[in-house]
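The values are calculated or read from the model by the stated rules, or taken from the named source; none is laboratory data. Every value quoted in this text rests on a predicted model; they were computed, and no experiment measured them. Don't worry about glycine lacking a Cβ; one is built from the backbone with ideal geometry, like all the others, and counts go over all protein chains shown. These accessible areas exclude ligands, DNA and RNA; they are computed on the full protein's heavy atoms, side chains included. Shrake-Rupley method; radii C 1.70, N 1.55, O 1.52, S 1.80 Å.
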Protein chains: 2
Amino acid sequence: MPAPLEPLYVDLRQAANDDLGADGVTDALVALVDEGLDLLQDNAERVPLESKVEGKSYFMFRHNETGRTSRPVNADLFGEDRVWTKKAIRDLAARWVPEEQELAKLHVALYSAAMSYCAGTDVTKRGDKKSPGTFFEIFVGHLAARAFQSTPKRSVSAPTLDETITLPTDFIFELGEGKGRVHLPVKTSTRERVVQVWAHQRVLDGMHGVNRFRGLLVVLTETNKQSEQSVVEVCLPGQWTAYQMYIAQLFRVYYLDPPVAYLALKKKYPFIQVKTFADFFAEREAIETPDLAT
Amino acid sequence: MPAPLEPLYVDLRQAANDDLGADGVTDALVALVDEGLDLLQDNAERVPLESKVEGKSYFMFRHNETGRTSRPVNADLFGEDRVWTKKAIRDLAARWVPEEQELAKLHVALYSAAMSYCAGTDVTKRGDKKSPGTFFEIFVGHLAARAFQSTPKRSVSAPTLDETITLPTDFIFELGEGKGRVHLPVKTSTRERVVQVWAHQRVLDGMHGVNRFRGLLVVLTETNKQSEQSVVEVCLPGQWTAYQMYIAQLFRVYYLDPPVAYLALKKKYPFIQVKTFADFFAEREAIETPDLAT
């Protein structure tokens, strides 16, 4: 079976390579999200999964022809309102700042858009773990580039006493005159490799000074499907606490499907600020204010 | 074709799980190394590779029946003297401290022993990337456990003001009364994930104080085979410099096949001490001296 989302994915990647913040990326993103949601609606059925995550229910998509199944999908966050989902992306690309009461609905649109390609690829393409990660990185990177009105770089340089050191990084945004800088890593899930994010933040702090680059980590989900039947969230809150205490301080962690165990980190020392990705767009101006402490 | 080294590998893993420092691990290690060298000698031929690494020549093993090929093998470091290789392992397990003039010969024995199972598995088992890593970890961990006369742990705990945080780590050795502690990560190669090693060192320094745990990274090689024809070393010395400057300070990096680009780091700030793994056994007493600065 051909992979029906592949041509639009290739278009998106090409547009993003040229200029991550361009109008053409918005168009390619909207087209791909639309096609992904269409595919899931018309060619797949929802199969309930036993949720071992308190307060959340999950299903997976199963393709009608191939029987191939998707990653777990949060039933309360996945919406089939394609018109609204597409409008939300276009509005955010036009620097829409959502109000408090609009955040829940925006959260659904963002989650659905992110899952459209990821779950759509799960059910139509065998063994493709890479392209959902690249898609999610472009999705987040593009919306952040539009919000910040800045094209991100993928490396930083620092002059030292005897040479200039250049380091490859996740997205680095220079926000412009009087507005500071942002270090924005994007992951579909974190697991044990997340320590890299804190380590890179530490290098930036060491090279350029603490609070020069604000660290904003954006993650899709921490769900894990167990033997096609149940869903768990894999979280390591004790390790995050140690990293935030002893390596460096991330300014925010935004999730498309925020894990319960990480949301709780806001309430105890060192108070890691875990929020929904929708919140990012509401507090973007605060993030851009370099003398705002938290 | 059955994987001929597998039964002895399973024996080794079982012995190491019970007690990494036990005599039974020495025996299982020697038996597996012997079998691996035997297999490579009798059932495989050496195929030269074009070396793009200055001053080093490489070949790969090709199995006589299956035609399957191995990772690159350093021609100057791989020796077929099975009697000497086995004796070296047994002597190190008995806490032999080599003299300066014995180091080159010991280096050959250690490299050959490490490669015996790795290359032997490459040519006899399809797609097994995991067991060579586990083998190498047991090989290094066992010899270090014997040298330090200490069984390593795989986690550290730190009491904080409101809770005790436990962190999974690489090998942690408590050297005993007046002798300090060692943090010993083991990798078959490092690539971009190596930042984890510096990050974990940073957490240990933050939790327990700088220079409380000496960081000793042990790596097999950084070689990479390109299209079955040539060999390169993949090294990121600028990044290592940044990590050593801004994240934490590793005390030593030991290689079984030391890359030229990393050996050069000894000579310029921040002076990362990259050596052969044979050197570890010669300077073990210095490492155990907690008030020795370098």
List the pairs whose first member sits in segment A:277-294 and is farther than 14 Å from A:Leu143 by Cα, whose second member is open to solvent by 40 Å² or more (accessible area, probe 1.4 Å) and at pLDDT 95 or above, and whose Cβ atoms are under 8 Å apart, counting only residues at least 6 apart or on separate chains? A:Glu285/A:Val97; A:Thr294/A:Gln273
B:Arg212 is checked against (1) of a type in the set (Lys, Arg); (2) within 12 Å of chain A (Cβ to nearest Cβ); (3) in contact with a Leu (Cβ under 9 Å, 6 or more places away or on another chain) and fails just one. What number does that condition carry? (2)
From the list A:Gly176, A:Gly180, pick out the single residue that is away from every other protein chain (no Cβ under 14 Å), more than 29 Å from A:Gln239 (Cβ to Cβ) and open to solvent by less than 50 Å² (accessible area, probe 1.4 Å). A:Gly176
In segment B:183-209, the residues that are touching a residue at least 40 places away in the same chain (Cβ under 8 Å), among the aliphatic types (A, V, I, L, M) and within 14 Å of another protein chain (Cβ to nearest Cβ): B:Val194, B:Val195, B:Val197, B:Ala199, B:Leu204, B:Met207
So B:Gln196 fits all but one of (1) in contact with a strand residue (DSSP E or B) (Cβ under 6 Å, 6 or more places away or on another chain); (2) open to solvent by 10 Å² or more (accessible area, probe 1.4 Å); (3) not charged (D, E, K, R); what number is the exception? (1)
Quick one: would you say B:Gly215 is crowded, with 22+ Cβ neighbours inside 10 Å and under 22 Å from A:Gly206 (Cα atoms)? yes
Could you please find all residues in segment A:157-173 being open to solvent by 70 Å² or more (accessible area, probe 1.4 Å) and more than 11 Å from every other protein chain (Cβ to nearest Cβ)? A:Pro159
Residue check: is B:Thr134 open to solvent by 30 Å² or more (accessible area, probe 1.4 Å), more than 22 Å from B:Thr85 (Cβ to Cβ), out of contact with any strand residue (DSSP E or B) (no Cβ under 7 Å at 6 or more places or on another chain) and at pLDDT 95 or above? no
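Could you go through segment A:243-261 and let me know if any residue there is among the hydroxyl-bearing types (Ser, Thr, Tyr), out of contact with any His (no Cβ under 7 Å at 6 or more places or on another chain), touching a residue at least 40 places away in the same chain (Cβ under 8 Å) and buried (at least 22 other Cβ atoms within 10 Å of the Cβ).
Looking for residues that are among the hydroxyl-bearing types (Ser, Thr, Tyr), out of contact with any His (no Cβ under 7 Å at 6 or more places or on another chain), touching a residue at least 40 places away in the same chain (Cβ under 8 Å) and buried (at least 22 other Cβ atoms within 10 Å of the Cβ), one finds at least one in segment A:243-261, hence yes.
Kindly establish whether B:Val97 is open to solvent by less than 40 Å² (accessible area, probe 1.4 Å), over 16 Å from B:Phe136 (Cβ atoms), assigned to a loop (DSSP other than H, G, I, E, B) and of a type in the set (A, V, I, L, M, F, W, C).
no
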Going by what's in this entry, would B:Lys125 be described as within 28 Å of B:Arg71 (Cα to Cα), touching a residue at least 60 places away in the same chain (Cβ under 8 Å), charged (D, E, K, R) and crowded, with 18+ Cβ neighbours inside 10 Å? yes
Return the pairs, sorted by first residue and then second, in which the second residue is in a loop (DSSP other than H, G, I, E, B) and open to solvent by 80 Å² or more (accessible area, probe 1.4 Å), the first residue lies in segment A:91-105 and is more than 14 Å from A:Thr276 (Cβ to Cβ), the beta carbons are less than 9 Å apart, and the residues are 6+ apart or on different chains. A:Arg95/A:Gln149
Of residues in segment A:24-39 being in contact (Cβ under 8 Å) with a residue 40 or more places away in the chain and out of contact with any Phe, Trp or Tyr (no Cβ under 8 Å at 6 or more places or on another chain), the one surrounded by the most Cβ atoms within 10 Å (Cβ to Cβ): A:Val25
Could we say that A:Asn64 is touching a residue at least 12 places away in the same chain (Cβ under 8 Å) and open to solvent by 60 Å² or more (accessible area, probe 1.4 Å) here? yes
If you scan segment B:67-82, which residues turn out to be of a type in the set (A, V, I, L, M) and either more than 17 Å from B:Met115 (Cβ to Cβ) or crowded, with 21+ Cβ neighbours inside 10 Å (or both)? B:Val73, B:Leu77
Residue check: is A:Val219 more than 30 Å from B:His208 (Cα to Cα) and over 13 Å from the mean Cα position of the chain (by Cα)? no
Within segment B:128-156, restricting attention to residues that are without any contact (Cβ under 8 Å) to a residue 60 or more places away in the chain and more than 20 Å from B:Arg284 (Cα to Cα), which residue is farthest from the other protein chains (Cβ to nearest Cβ)? B:Pro132
